[in-house]
1. Note down the magnitude of the dipole of the stretch 74-233 about its Cα centre, charges +1 on Lys and Arg C-beta and -1 on Asp and Glu C-beta and zero elsewhere, to the nearest 20 debye.
2. Pick from Ser125, Ser176, Ser187 the residue whose mean-square fluctuation is largest in a GNM of the chain, springs joining Cα atoms under 10 Å.
3. Can you list the residues, at least 5 places off or on another chain, whose amide H is less than 5 Å from the amide H of Glu41, using H built in the peptide plane?
4. Using 1/(1 + (r/R0)^6) with R0 = 25 angstrom and r between the beta carbons of Ala223 and Ala168, what's the FRET efficiency to the nearest 0.05?
5. Assuming a viscosity of 1.002 mPa s and a temperature of 20 °C, what translational diffusion coefficient in µm² per second does Stokes-Einstein assign to the stretch 45-146, Rh being the Kirkwood radius over Cα pairs?
6. Label the stretch 1-45 by shape, choosing from rounded, prolate and oblate, from the square roots a ≥ b ≥ c of the eigenvalues of the Cα gyration tensor; if a/c is under 1.5 it is rounded, and otherwise prolate applies when a/b is larger than b/c, oblate when it is not.
7. With an 8 Å cut-off on Cα pairs and a minimum separation of 6 or more residues, tell me the relative contact order of the chain in percent.
8. On a straight-distance basis, which aspartates and glutamates could pair with Lys121 in a cross-link, Cα separation under 14 angstrom, same-chain partners fewer than 8 positions away excluded?
Amino acid sequence: MVSDRQPVKFPTFDNVEDERRHRKQRLAAAFRLFGQFGFDEGVAGHITARDPEHLDQFWVNPLGMNFKHIRVKDLLLVDANGEVVDGNWPVNRAAFAIHSQVHAARPDVVAAAHAHSVYGKAWSSLRKPLDPLTQDSCAFYGDHAVFDDYTGVVYDLEEGKRLASALAGHKAVILSNHGLLTVGQTSVDEAAWWFITMERTCQAQLLADAAGTPVLIDAEQAAKTAGQVGTPMSGWLQFQPLYDWIVGAQPDLLDE
Ligand SMILES: [Zn+2]
């Protein structure tokens, strides 16, 4: 029997309106998934998507709206001064302080994700990078940093700059005593996937470390595996089954 589903294919666009709609759909879906996975903690957490036309502006979640309720039409567009230029909810000040500086420092990045997920924040208190313990963890091998400072809630642009500087050219940064932050070069999909798999990688290492003395994947194999599972296209691809599932289960997220 032949499936009526189509193989996944990386999207291309011939106009900016279609690209914007696509990014917003992926962003709304990423919030629903973060909500489904329990990554929300009160009003904390934000995922941003750079606008494909106005490159210094980004789409973000409204302050105080539950991740599980977010629809395409709820997303806010925020400019370089932190003003909401599309939408009628306030923006989280920390979201602006962090994400504006990450997007400014990394013109190659389309999206950034940050939340106070339980295993990520537990791991962040250890102030050390993740080890190459599993095939999945190799996505972060040599490609994540630790921002080993904590100075309260990030409301200050200078603190956002320091955080972006710690991220440097990596796909992720562990914010000490705070949580995880990931970025996507190709897509919102990629940033969301790196966050989801990094959170699970923290969980896996916490479990393994608690159970005994894990054996690390050696450097050569870890680097090889990173080239297989850690590429931007791999991150994009891994998100596709999650996107299809959440849109099927909660189609109202696409309301615009
Ligand atoms: Zn935070």
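1. So the dipole magnitude of the stretch 74-233 works out to roughly 260 debye.
2. Taking springs between Cα atoms under 10 Å, the residue moving most is Ser125.
3. When sequence neighbours closer than 5 places are left aside, the close amide H contacts are His116.
4. Given R0 = 25 Å and the Cβ-Cβ separation, E is 0.85.
5. Details: Rh = 15.1 Å.
The diffusion coefficient I find is 142 µm²/s.
6. The shape class here is oblate.
7. The value is 22 percent.
8. Partners found: Asp40, Glu41, Asp148, Asp149, Glu199.
The values are calculated or read from the model by the stated rules, or taken from the named source; none is laboratory data. All values reported here derive from a predicted model rather than from experimental measurement. FYI the Cβ positions are ideal-geometry reconstructions off the backbone, even for glycines, and counts take in every protein chain you see. Just the protein is used for accessible areas: all its heavy atoms, side chains included, with ligands, DNA and RNA removed. Shrake-Rupley method; radii C 1.70, N 1.55, O 1.52, S 1.80 Å.
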